[in-house]
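Let me begin by presenting the structure, written as structure tokens, before commenting on it.
The values are calculated or read from the model by the stated rules, or taken from the named source; none is laboratory data. Predicted model, so just to flag it, every value in this text is computed and none were measured. Neighbour counts run over all protein chains shown; Cβ positions are idealised from the backbone, glycine included. Accessible surface areas use protein heavy atoms only, side chains included; no ligands, DNA or RNA. Shrake-Rupley method; radii C 1.70, N 1.55, O 1.52, S 1.80 Å.
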Amino acid sequence: MSGPSLIDSFGRVHKNLRVSVTDRCNIRCFYCMPEVVKFLPRKDVLTFEEITRLTRVFASVGIERIRLTGGEPLTRRGLSNLVGMLKEVEGIKEIAATTNGLLLADQAADLWEAGLDRLNVSLDTLDAGKFKQITRRNGLDKVIAGIDAAQEVGFENIRINAVAIKGLTESDIIPLATFARQRELELRFIEFMPLDGDQQWDSTSVMTGSSIRELIEREVGALVEVERKLASQPAKDFAYSDGQGRVGFIDPVSAPFCAACDRVRITAEGKLRNCLFSTEEWNLLELLREGATDQEILDSIVQSVAQKKAGHGIDSEEFVRPRRAMYQIGG
Ligand code: SAM
Ligand code: SF4
């Protein structure tokens, strides 16, 4: 028998919660953050206890999967303690994290032991100079060491997320594809979205998933589409026809997947967003700190989901960019 669920006015049932545990980061990817950035005061960031309580409320209406993100989640001290706390929440079936990998070599074992189920590591290039150009910092070697450490402690099916930027990362695609195949990593390319800190995005800088796929088929090998495990999964995955490895494409700009979206998000300071591109927010931190009951928090969540729009409309004339950049939302 299924319990209550979080359904919007288009019939989409919500199962996924993305939790930003910090807006801070140890690098400055240009597509996410400005070079100079002012982070939230720590007192304004949800505590682990507050995140756990909210997760319990979300789980009571059918949320099953949590993704910890940020900012860089591994810069939040004691992240593995939070994983342990969320593991105890009834109804939560999977806890995942998305990281830039820089601190992974130090934390992989603790995260694994705490019960983290899945890891996505963001990596756009294997060229140290290009890494610095994108992230405005050094650290490629640390990311690779982090991936190695995560595999060693037991994480399987680690995903590599690569943002593809036209005029910048074309030459990184084949080396990344080859690296992922050799290391048994699932590679996913993400189209550049209008969430950069400097508001420089325009549609001409988007390298579409289909153009990347053509390049990979030409240079690496034929691909065969794999059936989606879940209808709500944003990526279209392909297997190499020789059986060695997979590559996927998340194409929010050229092929939006809003119709099957099952995600809601909480920012580091406890604002609930019903979409990455939402221009409205519901202040859960205020409710928590003013002593609201679980039912009052739930009412706010239900109201937010009820107002979710059909789609983000990036390609429409009326599209309004959210005030927040990606690091202030949580990707
Ligand atoms: N710091 C972690 C990391 O980089 O993996 C987690 C947070 S980051 C905001 C989450 C994901 O969003 C990363 O894979 C990053 O590459 C992606 N991202 C950031 N800005 C983006 C943008 N404007 N368009 C598409 N993806 C973006
Ligand atoms: Fe930091 Fe991730 Fe944003 Fe890069 S994408 S600046 S690693 S939060």
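Every condition in (1) more than 23 Å from MET326 (Cα to Cα); (2) within 16 Å of ligand 2 (Cβ to nearest atom); (3) touching a residue at least 60 places away in the same chain (Cβ under 8 Å); (4) of a type outside the set (Asp, Glu) holds for GLN107 except the one numbered (3). Would it be correct to say that ARG18 is within 16 Å of the chain's Cα centre (by Cα), open to solvent by 30 Å² or more (accessible area, probe 1.4 Å), more than 16 Å from ligand 2 (Cβ to nearest atom) and touching a residue at least 24 places away in the same chain (Cβ under 8 Å)? No. Considering segment 89-104, and only residues there that are within 12 Å of ligand 2 (Cβ to nearest atom) and of a type outside the set (A, V, I, L, M, F, W, C), the residue that is surrounded by the fewest Cβ atoms within 10 Å (Cβ to Cβ) turns out to be THR98. Within segment 315-331, the set of residues being of a type in the set (Ser, Thr, Tyr) and loosely packed, with under 11 Cβ neighbours inside 10 Å comprises SER316 only. Take LEU74 and decide whether it is under 21 Å from ARG24 (Cβ atoms), out of contact with any Ser or Thr (no Cβ under 9 Å at 6 or more places or on another chain), open to solvent by less than 40 Å² (accessible area, probe 1.4 Å) and within 16 Å of ligand 2 (Cβ to nearest atom). No.
For residues in segment 24-35 being over 18 Å from ASP202 (Cβ atoms) and more than 8 Å from ligand 2 (Cβ to nearest atom), which is surrounded by the fewest Cβ atoms within 10 Å (Cβ to Cβ)? Per the criteria, the residue is GLU35. Filtering segment 21-36 to residues that are in contact (Cβ under 8 Å) with a residue 40 or more places away in the chain and away from ligand 1 (no atom under 13 Å from the Cβ) leaves only GLU35.
Kindly indicate whether THR204 is polar (S, T, N, Q), within 20 Å of the chain's Cα centre (by Cα) and more than 18 Å from ARG12 (Cα to Cα).
It is false that THR204 is polar (S, T, N, Q), within 20 Å of the chain's Cα centre (by Cα) and more than 18 Å from ARG12 (Cα to Cα).
When we screen ALA239, ALA255, ALA231 for residues that are part of a strand (DSSP E or B), under 23 Å from the mean Cα position of the chain (by Cα), within 23 Å of ALA162 (Cα to Cα) and of a type in the set (Gly, Ala, Ser), the only hit is ALA239.
Take LEU116 and tell me if it is under 21 Å from the mean Cα position of the chain (by Cα), open to solvent by less than 10 Å² (accessible area, probe 1.4 Å), within 16 Å of ligand 1 (Cβ to nearest atom) and more than 21 Å from LEU272 (Cα to Cα).
Numbers: under 21 Å from the mean Cα position of the chain (by Cα): yes; open to solvent by less than 10 Å² (accessible area, probe 1.4 Å): yes; within 16 Å of ligand 1 (Cβ to nearest atom): yes; more than 21 Å from LEU272 (Cα to Cα): yes.
In short, yes.
For segment 177-198, the candidate set comprises residues that are open to solvent by less than 50 Å² (accessible area, probe 1.4 Å) and more than 16 Å from ligand 2 (Cβ to nearest atom); within that set, the residue that is nearest to SER278 (Cα to Cα) is LEU187.
Looking for whichever is under 28 Å from THR204 (Cα atoms), open to solvent by 50 Å² or more (accessible area, probe 1.4 Å) and modelled with pLDDT of 95 or more here; the options are ARG218, ARG289, ARG273. Which one fits?
On the way: ARG289 fails: under 28 Å from THR204 (Cα atoms); ARG273 fails: open to solvent by 50 Å² or more (accessible area, probe 1.4 Å).
Selected residue: ARG218, the only one of ARG218, ARG289, ARG273 that is under 28 Å from THR204 (Cα atoms), open to solvent by 50 Å² or more (accessible area, probe 1.4 Å) and modelled with pLDDT of 95 or more.
In segment 165-192, the qualifying residues are those that are assigned to a strand (DSSP E or B) and among the charged types (D, E, K, R), and the one that is farthest from ligand 1 (Cβ to nearest atom) is GLU186. Do any helices (runs of 4 or more DSSP H) lying entirely in segment 55-164 carry at least 1 residues that are under 29 Å from LYS43 (Cβ atoms), and which ones are they? Counting at least 1 such residues, we get 79-87, 104-114, 128-135. Applying the criterion of being part of a helix (DSSP H, G or I) and touching a residue at least 12 places away in the same chain (Cβ under 8 Å) to the residues of segment 199-215, the residue that is most open to solvent (accessible area, probe 1.4 Å) is THR204.
I need the full set of residues from segment 243-264 which are open to solvent by less than 10 Å² (accessible area, probe 1.4 Å) and within 30 Å of ASN283 (Cα to Cα), in order please.
Here is the first cut: in segment 243-264, the ones open to solvent by less than 10 Å² (accessible area, probe 1.4 Å) are 247-249, 252, 262, 264.
PRO252, ASP262, VAL264, listed by residue number.
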